[in-house]
Amino acid sequence: MNEGIIEAIFDALEEVNEHLPNHWKIEKSTQTLLTGESSRLDSLTIVNLIVAIEQRIEEKYGVMINLASSEAFSDQNPFRDVGTLAEHISSLMGAVKP
Amino acid sequence: MNTLEIKSLIIADFTADVLAGYLNNDDESPRVKAACGPYGQVFQVLADETHGCWRNEHEFAVIWTRPEAVIKSFKPLLNYQSIPPEKIMSDVDQYCDALLRVRDRVRFAFVPTWVLPLYHRGYGILDMKRDLGVASTLMKMNLRLAENLEAAPNIYVLNAQRWIEAAGKKAFIPDLWYMAKAAFGNEVFKEASKDIRAALRGLSGSSRKLIIVDLDDTLWGGTVGEEGWQNLTLGGHDPAGEAFAEFQEALKSLTNRGVLLGVVSKNDESIALDAIKSNPEMVLKLEDFAGWKINWGDKARNIVELVSELNLGLQSTVFIDNDPIERARVREALPEVLVPDWPTKPSLYKSALLGSPYFDNPSISQEDRERTQMYVSERERQNARSNLGSLEDWLETLETKVEVQDLNEENLPRAAQLLNKTSQLNLRTRRMTEGELRNWIAAPNRKFWVSRISDRFGDSGLTALVSIEIFDRKANIIDFVLSCRVMGRKIEETMIHIAASYAKAIGLEELFAEYIPTAKNKPCLEFWGTSGFELAKEHNAFKWNLRQAFPCPSCVELRFYSKGSFVETAPVLSSASYL
């Protein structure tokens with residue numbers, strides 16, 4: 001399932017890249033950092049990315065997930081990079097049956 | 001508008017950075033550099049012309065608001081309170097007064113109409129009741145907004161409802177609002193960006209003017225050379241036939257906006273033309289086409305020849321063909337020609353055409369509506385010419401009439417349009433809005449004449465203009481602009497005669513014309529080189545000594561009009577413009 005989720009995240013990154021300046025484009029890689037000190041993404045971009053990913057997951061799997069819940073921003077930080085985000089989404093989807 | 005990057009300011013009562021991003025990321029010309037004003041300070045920015053936002057000399061502004069945020073009395077209406085409609089309209093008027101202040105700060109401003117989230121059902125069954133419904137009130141507010149802003153010709157109201165409908169379910173995303181104060185989803189901003197860019201293309205005179213279509217499986221279903229015109233899929237009680245007929249109707253409708261139609265097709269010309277003339281289901285007739293190239297040659301080469309015959313540029317052209325190989329060939333050979341991806345299903349042809357944002361213009365003149373007829377007249381003119389000997393003999397038979405007027409409020413929109421859209425026979429390629437032109441002519445040392453050209457084949461409309469500026473007893477020709485439709489018919493010399501006669505009559509000694517080269521106005525330099533003017537010391541400047549009259553060509557009948565009435569056959573000498 002993770003491959004499909006990563007594909008959905010990459011699709012969402014493409015959508016967000018359409019309106020980001022060239023020097024801020026987000027690389028489509030599982031190692032790409034999304035939050036933290038080394039990330040260049042501002043809060044508006046993160047929000048846009050969250051919404052775009054939620055839409056892709058719903059379109060692809062028919063499951064509505066909530067990435068912006070307070071648990072998501074816990075100490076473990078599932079938004080650290082694309083890979084950790086995919087795992088987080090996978091666990092959320094396991095908890096929410098379509 | 002000729003700068004490489006157009007600076008713009010987005011003023012909104014919500015986060016609109018995504019719109020700025022879409023505008024900035026489009027590589028198509030004109031390039032835009034958009035920035036957002038401070039969040040939620042619409043009134044402050046509009047009211048204060050010294051606000052830091054305005055320091056960057058933006059060429060255009062987008063002012064986008066939510067009705068409940070800027071129209072105080074609308075919010076309670078949304079909460080189903082009873083609000084007097086006149087109170088709401090008064091608030092709209094007040095907001096419009098603030099909007100009108102930007103007209104002098106930017107060259108153009110775009111104001112999207114107000115919309116409501118799709119989930120807001122208003123009063124449901126009662127929502128279109130006058131003076132009660134939310135939807136009916138919002139419609140009236142938008143109409144009032146558009147009417148009020150007509151006071152500023154450089155402010156354009158854009159229909160945001162179309163963007164909402166195009167975005168569908170993705171138009172309003174509550175998470176984006178609650179987490180980022182973005183009022184709309186990305187799809188809405190993307191559609192808005194497309195429309196704003198289309199408006200910019202129109203305002204900079206770079207909208208497309210010519211659609212060249214293929215025939216087989218594009219204009220009709222089937223191959224006419226093999227099946228015969230009687231067996232084509234077109235019209236009748238057939239889904240595909242109806243789709244082809246409606247596509248033709250859509251093409252024809254665009255001619256009313258000034259778009260020309262042409263045909264480039266691999267076929268035997270006689271067979272194809274016979275099909276157009278004889279098939280009773282054809283919506284498009286031969287006289288709807290400005291020209292055609294129907295043969296077995298390379299389509300890219302045929303497009304170049306047709307565009308050249310019509311005196312247009314490749315950058316003004318759209319090519320529509322159902323065959324992806326032909327499209328790829330034209331795209332590669334002629335990158336300036338817009339070749340849209342074309343749907344495989346004829347049922348989608350009409351929507352693909354009417355949804356394309358390449359034909360927008362800031363005004364529609366009578367000349368635009370009659371443009372195809374003018375080209376048909378030109379075709380007849382050229383046919384007549386081929387039966388005659390010399391060029392002079394032919395010109396004498398045309399019975400050309402040039403009707404001259406000073407610039408006035410009636411002809412100002414068309415004059416500005418001609419100034420902004422003409423590239424080839426254009427001395428200095430000045431691009432000006434109506435307001436800028438009005439301000440320019442207000443100076444007493446300037447004169448501006450516009451001319452309507454007609455001959456025995458038809459009326460070409462207001463297609464020539466010339467203006468002068470007087471300094472130190474010398475007159476300088478500032479604008480010398482002719483539509484390509486009237487080039488080479490001695491109108492050029494006639495326009496100089498008008499300016500020279502006026503300058504001589506008021507006692508000036510010399511008339512100058514300075515040519516400013518562009519990528520497209522070489523035909524203008526070629527004309528001036530043969531005009532009889534002396535090449536002045538300055539590079540690309542031409543001089544006429546006014547002790548000698550510059551004659552009016554004998555093949556032209558010149559008439560002057562003032563405020564709609566014929567006045568005299570000499571230039572109008574009143575120095576004051578009656579704008």
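The numbers here are math on the coordinates, done by the rules we state, and not lab data. Since the structure is predicted, the reported quantities are computational estimates derived from the model, not experimental observations. Neighbour counts are summed over all protein chains in view; Cβ atoms, including those assigned to glycine, are modelled from backbone coordinates with ideal geometry.
With Cα atoms defining each centre, the range B:286-310 and the range B:133-202 are spaced 39 Å apart in the structure. Within chain B, antiparallel bridges make up roughly 45 percent of the DSSP beta bridges whose residues both belong there. Along chain B, the longest continuous region that contains none of the trypsin sites (Lys or Arg not before Pro) in a DSSP loop with at most 15 other C-beta atoms within 10 Å is B:286-455.
Between B:Lys277 and B:Gln81, full extension at 0.36 nm per residue minus the direct alpha carbon distance yields a gain of 64.3 nm.
Antiparallel beta bridges, as assigned by DSSP with both residues in the protein assembly as shown, represent about 45 percent of the total such bridges.
Look at the Cα gyration tensor of chain B: its axes a ≥ b ≥ c give a/c of at least 1.5 with a/b at or below b/c, and that counts as oblate. Note on B:Arg379/B:Lys520: beta-carbon distance plugged into 1/(1 + (r/R0)^6) with R0 of 25 Å gives a FRET efficiency of 0.60.
For B:Phe110, the residues whose modelled amide H falls within less than 5 Å of its own, excluding neighbours fewer than 5 places apart on the same chain, are B:Ala61, B:Val62, B:Ile63, B:Tyr156.
Helix A:2-17 versus the longest principal axis of chain A: what angle, 0 to 90°, nearest 10, using Cα atoms? The helix A:2-17 is inclined about 40 degrees to chain A.
Cross-link pairs exceeding 26 Å between alpha carbons, from the set B:Lys285/B:Lys520; B:Lys169/B:Lys252; A:Lys25/B:Lys33; B:Lys170/B:Lys194: B:Lys285/B:Lys520; B:Lys169/B:Lys252.
Candidate cross-link partners of B:Lys75 among the lysines, defined by an alpha-carbon separation under 23 Å and a same-chain spacing of 8 or more, comprise B:Lys87, B:Lys129, B:Lys140, B:Lys181. Among the chymotrypsin sites (Phe, Trp or Tyr not before Pro) within the range B:255-301, those in coil by DSSP and having at most 14 neighbouring Cβ atoms inside 10 Å are B:Trp296. Neighbour counts of other Cβ atoms within 10 Å put B:Tyr515, B:Tyr375 in the fewest-to-most order B:Tyr515, B:Tyr375.
By the gyration tensor of its Cα atoms, with a ≥ b ≥ c the square roots of the eigenvalues, what is the shape of the range B:293-334: rounded for a/c under 1.5, prolate for a/b over b/c, or oblate? Oblate, because a/c is 1.5 or more while a/b does not exceed b/c. If the chain linking B:Ser562 and B:Gln44 were pulled fully straight, counting 0.36 nm for each residue of separation and taking away their Cα-Cα distance, it would gain 181.9 nm. Each of B:Ile325, B:Ile477, B:Val264 was placed along the dipole of chain B (beta-carbon charges, centred on the mean Cα), and the one lying farthest toward the positive end is B:Ile477.
Spatial offset of the range B:313-368 relative to the range A:1-68 amounts to 34 Å, using the alpha carbon center of each. For the range B:422-481, a crude dipole built from +1 on the beta carbon of Lys and Arg and -1 on the beta carbon of Asp and Glu, taken about the Cα centre, is about 140 debye to the nearest 20. The alpha-carbon of B:Lys522 sits under 22 angstrom from the alpha-carbons of these lysines, leaving out residues fewer than 8 places away in its chain: B:Lys209, B:Lys421, B:Lys490, B:Lys537, B:Lys543. Of the chymotrypsin sites (Phe, Trp or Tyr not before Pro) found in the range B:1-82, those that fall in a DSSP loop while having at most 11 other beta-carbon atoms within 10 Å are B:Tyr80. Per residue, the average separation of C-alpha pairs within less than 8 Å and at least 6 apart gives the range B:133-276 a relative contact order of 17 percent.
With each label modelled as a point 7 angstrom along the Cα→C-beta vector, the B:Asn439-B:Asp323 pair spans 5.3 nm. Round to a whole angstrom and tell me the spacing of the C-alpha centers of the range B:39-76 and the range B:219-278. If you average the Cα positions of each part, the centres end up 49 Å apart.
Using only the Cα atoms of the range B:321-438, build the gyration tensor, take square roots of its eigenvalues as a ≥ b ≥ c, and label the shape rounded, prolate or oblate: rounded if a/c is under 1.5, else prolate if a/b is larger than b/c, else oblate. Taking the square roots of the gyration eigenvalues as a ≥ b ≥ c, the range B:321-438 is oblate. Say R0 is 60 Å: what FRET efficiency, to the nearest 0.05, do B:Glu147 and A:Asn2 get from their beta-carbon distance? Given R0 = 60 Å and the Cβ-Cβ separation, E is 0.60.
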